[in-house]
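The values are calculated or read from the model by the stated rules, or taken from the named source; none is laboratory data. If you're wondering where the values come from, they're calculated on a predicted model, not measured in any experiment. Counting neighbours? That spans all protein chains shown, and the Cβs are built from the backbone with ideal geometry, glycine included.
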Amino acid sequence: MTVNTAVPKMYGRCEDCGIYNMANLKKLGINMDKWDYMIALAGNPNTGKSTVFNALTGLRQHTGNWPGKTVTRAEGGFIYNRRGYKLVDLPGTYSLMATSLDEEVARNFVLFAKPDVTVIVVDSTRLERNLNLVLQILEITDRAVVCLNLMDEAKRKQIIVDERRLARDLGVPVIPTSARYNQGIPELLEAVHDVATGRVVCRPHRVKSISAKVDNIIKPLITQIKSAFPNLPNARWVALRLLDGDMSIMNAIRDDGLGELNHAPAFNLAVA
Amino acid sequence: MSEQKVITLQHLKIGQHARVVSISQKCHGLERRRFIDLGILPGTIIVAEMRSPSGDLTAYLIRGSVIAFRSEQTRFINISIL
Ligand SMILES: Nc1nc2c(ncn2[C@@H]2O[C@H](COP(=O)(O)OP(=O)(O)OP(=O)(O)O)[C@@H](O)[C@H]2O)c(=O)[nH]1
Ligand SMILES: [Mg+2]
C-alpha cells in the first residue's frame, strides 16, 4: 500500500478528524439511483457487516446471530465528501469456493460486479479464521479495506492486534472499529474514500506463483478465458478454479452472463 | 508422548475435544478445499458441541466458529481425542 504521491496525505488537518468526517456523511437509506462509487461489504458470517451497513446508510438491515442473518444482498447509499456511494451488504462466507446459495451471492458479487472498494469486515477476536477469506479476496481485487471489527470484544478478551503491522503485511488499509458503538466508522469512511478516489493505492499481499508447472498449465487457459469473456476480471483466479474442478464458477459465467456484467445499471433493493 | 489412537471425527462424542491429525486422502478436490477453508488442518482443535435430534448433523466448535457437518463428511477427518 502506498499513498499516491500526486496528492500527499497529510495528517492533523481538520478533514482528518472524526467529527468533521461524520458531518460530511449524509445517510441516504435506499434513496439512491446514481452513484460515483460502489462499495461491497464482505467477510465471514457474523462479523458485523450489516451493522456497518446500517451505520453508514441509516437503514435497518437485520443484524444478529439468528435468525435474520443476511441471506441475499442488501443495497443502500450515502454521500460522503460530495461523492455518492452505493453500499452492498453481502451474506457472510468462509471462502470464495461457494458451497451454498448465500456464499454464491457473495462470491459472485465480489468476483464479477467489480466493486470500487471491497470492505472486508473481520472479527478481531478470531483473526486467524478470518484472514483466510481476506487473503482470498485480495487475490481477486487490489481495492480493499480491512475493517477490524469487534475491537471492544477484543479489548475485553485482552487480545491486542497490531493493526499497523497487519496493514503493512496485507498491503491494504486496516481500520479498527466497534461498529455496534459507531467507533471507528469515521476512520473507515475516510479509508474507503481514499481507496475509491485513488488517493491511497493498495499493494495487496499475493501468492505470485504456485509452481512453474501450474503456471504453464494455466497460461493457455487464461488466454482462452480472456478471449471468451473479455469483460471478466480475474481470469487467472477463474482459471485456477477451473483446474480445481469448480463447475459453479463456469456456470456463473455462462448462465448469468456475469462475464458481461459491469456496474449494475439500476438500483434495486433485495432483502428477501 | 505416547502414540495416540486415531479415530474419525464422526466418533467424537458431544463435549469431547480432539486434535486434527489429517484429512483422509479419499477426500479430495473441492470437498477437501472446503475443510481447509473452514480451518480444518492438522493440529486444529475441534470440540463436538451438539447433535441434531435426528442425529445426522453435529455442530463443532472450530477456531471460534460453530460449524455443522454430516457424518458422511466427518468420516474423512482423522483426529485424536484430547
Ligand atoms: N460487541 C460488538 N458487537 C458487534 C459489533 N458489530 C456488530 N456486533 C454484533 O454482532 C452481531 C452480528 O452482527 P451483524 O451485523 O448481523 O453481522 P453480519 O456480518 O452482517 O452477519 P451475517 O449477515 O450473518 O454474515 C450483532 O449482534 C451485532 O450487534 C461490535 O463492534 N462490537
Ligand atoms: Mg449481515
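Structural remarks
- Neighbours by Cβ (under 7 Å, 6+ apart or cross-chain): first from segment A:210-235, farther than 17 Å from A:ASN251 by Cα; second of a type in the set (Ser, Thr, Tyr): A:ASP215/A:SER209
- Against the list (1) surrounded by fewer than 19 Cβ atoms within 10 Å (Cβ to Cβ); (2) within 14 Å of chain B (Cβ to nearest Cβ); (3) modelled with pLDDT of 95 or more; (4) under 25 Å from A:MET38 (Cβ atoms), the condition A:GLY171 fails is (2).
- Filtered residues of segment A:25-57 (kept if part of a loop (DSSP other than H, G, I, E, B), out of contact with any Lys or Arg (no Cβ under 8 Å at 6 or more places or on another chain) and modelled with pLDDT of 70 or more): A:ASP33, A:LYS34, A:THR47
- The sole residue among A:ALA196, A:ALA179, A:ALA154, A:ALA191 that is touching a residue at least 24 places away in the same chain (Cβ under 8 Å), more than 30 Å from B:GLU31 (Cα to Cα), within 14 Å of chain B (Cβ to nearest Cβ) and surrounded by 17 or more Cβ atoms within 10 Å (Cβ to Cβ) is A:ALA154.
- Condition check for A:LYS49: crowded, with 24+ Cβ neighbours inside 10 Å, under 30 Å from B:ILE46 (Cβ atoms) and of a type in the set (Lys, Arg): yes
- Here segment A:77-104 is the region considered, the condition is being β-branched (Val, Ile, Thr) and over 11 Å from A:ALA42 (Cβ atoms), and the residue that is farthest from the other protein chains (Cβ to nearest Cβ) is A:ILE79.
- When A:LEU131 is tested against the conditions (1) touching a residue at least 40 places away in the same chain (Cβ under 8 Å); (2) in contact with a strand residue (DSSP E or B) (Cβ under 9 Å, 6 or more places away or on another chain); (3) within 14 Å of chain B (Cβ to nearest Cβ), the lone failure is (1).
- Counting only strands (runs of 3 or more DSSP E) that sit completely within chain B, those holding 1 or more residues that are within 14 Å of another protein chain (Cβ to nearest Cβ), modelled with pLDDT under 95 and surrounded by 17 or more Cβ atoms within 10 Å (Cβ to Cβ) correspond to B:65-70.
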